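The values are calculated or read from the model by the stated rules, or taken from the named source; none is laboratory data. The shown structure was predicted, so the numbers you read here are calculated from the model rather than taken from an experiment. FYI the Cβ positions are ideal-geometry reconstructions off the backbone, even for glycines, and counts take in every protein chain you see. For the accessible areas, the whole protein counts, side chains as well, though only heavy atoms, and no ligand, DNA or RNA atoms are used. Shrake-Rupley method; radii C 1.70, N 1.55, O 1.52, S 1.80 Å.
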Amino acid sequence: MSDPVAAPRNDTPGPTAPRRRRRWLRRSAYLLAALVLLVVAARIALPFVLPSIVDKLASAYGLRCEYERLSLSILTGDVEIWHVIVRPEEGGQEYVHLEYARIDVDMGSLLTSQPRFRRVEVDGLDVHVHRHADGTFAFARHFAAPPIAGEPEAEPEPQPEPVVEPPSTFDLTLPVRVDALRLQHVELHLRDDH
């Protein structure tokens with residue numbers, strides 16, 4: 001039997017459905033506004049922050065990296081850079097001098113394991129390679145593993161003469177995909193004291 005005191009049931013949607021929709025629209029608008037502000041802030045801050053980041057990374061290897069001008073479009077992935085110079089921190093002959101480079105980066109590919117450069121243009125690249133009399137290269141000392149802190153440097157034990165094996169195949173696969181490459185005015189300066 002039915003209860004005579006029970007209130008009649010109302011199946012019409014109440015005012016809560018439009019409120020929920022408005023709440024989610026408001027949240028989406030806030031999220032979109034925050035994302036736009038983040039992109040704008042990154043675009044404004046990057047030219048000021050990037051030189052110190054590059055300098056810190058280069059100094060970790062005992063190098064100094066300078067550039068004159070950088071044009072960067074975060075949304076389109078267009079990067080242009082002028083007058084890049086890489087040299088030892090203590091001064092001396094520069095290892096690399098790049099006059100101009102333009103890179104068109106596929107921004108979506110940065111989220112994958114292999115970034116894609118649609119086009120790379122290099123105009124005016126001078127590379128200086130110096131091989132010392134002992135057979136070592138001047139720039140190789142910057143990439144040698146530093147000794148572990150706290151451990152004294154041990155005298156290396158004399159090693160037997162290594163057996164010379166024929167070279168195996170080299171894997172020259174780039175960690176990035178380059179669709180088009182254009183090089184102009186590239187010079188390699190080799191100095192061999194050997």
Open item on the list: Any residue in region 116-136 that is over 18 Å from Trp82 (Cα atoms) sitting within a Cβ distance under 6 Å of a residue that is of a type in the set (Ser, Thr, Tyr)? List the pairs, counting only those 6 or more apart or interchain.
Closed with: Arg116/Ser109; His128/Tyr95
Open item on the list: Can you pull out every residue in region 54-64 that is out of contact with any Cys (no Cβ under 7 Å at 6 or more places or on another chain) and without any contact (Cβ under 8 Å) to a residue 40 or more places away in the chain?
Closed with: Lys56, Leu57, Ser59, Ala60, Arg64
Task: Scan of region 75-89 for residues that are over 18 Å from the mean Cα position of the chain (by Cα), crowded, with 16+ Cβ neighbours inside 10 Å and over 16 Å from Leu125 (Cβ atoms), ordered by number - done: Pro88
Task: So Gly124, is it at pLDDT below 85 and at positive phi - done: no
- [ ] Could you please let me know if Tyr67 is within 18 Å of Val127 (Cβ to Cβ), surrounded by 14 or more Cβ atoms within 10 Å (Cβ to Cβ), hydroxyl-bearing (Ser, Thr, Tyr) and free of Cβ contacts under 8 Å to residues at least 60 places away in the same chain?
- [x] yes
Open item on the list: So for region 75-91 (the condition being among the polar types (S, T, N, Q), modelled with pLDDT under 85 and over 23 Å from Glu187 (Cβ atoms)), does at least one residue qualify?
Closed with: no
- [ ] Residue by residue through region 22-64, note down the ones that are out of contact with any helix residue (DSSP H, G or I) (no Cβ under 6 Å at 6 or more places or on another chain), under 30 Å from Gln93 (Cβ atoms) and open to solvent by less than 100 Å² (accessible area, probe 1.4 Å).
- [x] Pro47, Val49, Leu50, Pro51, Ser52, Ile53, Val54, Asp55, Ala58, Ser59, Ala60
Task: Residue in region 90-113 that is farthest from Arg131 (Cα to Cα), counting only those that are surrounded by 14 or more Cβ atoms within 10 Å (Cβ to Cβ) and of a type in the set (D, E, K, R) - done: Asp106
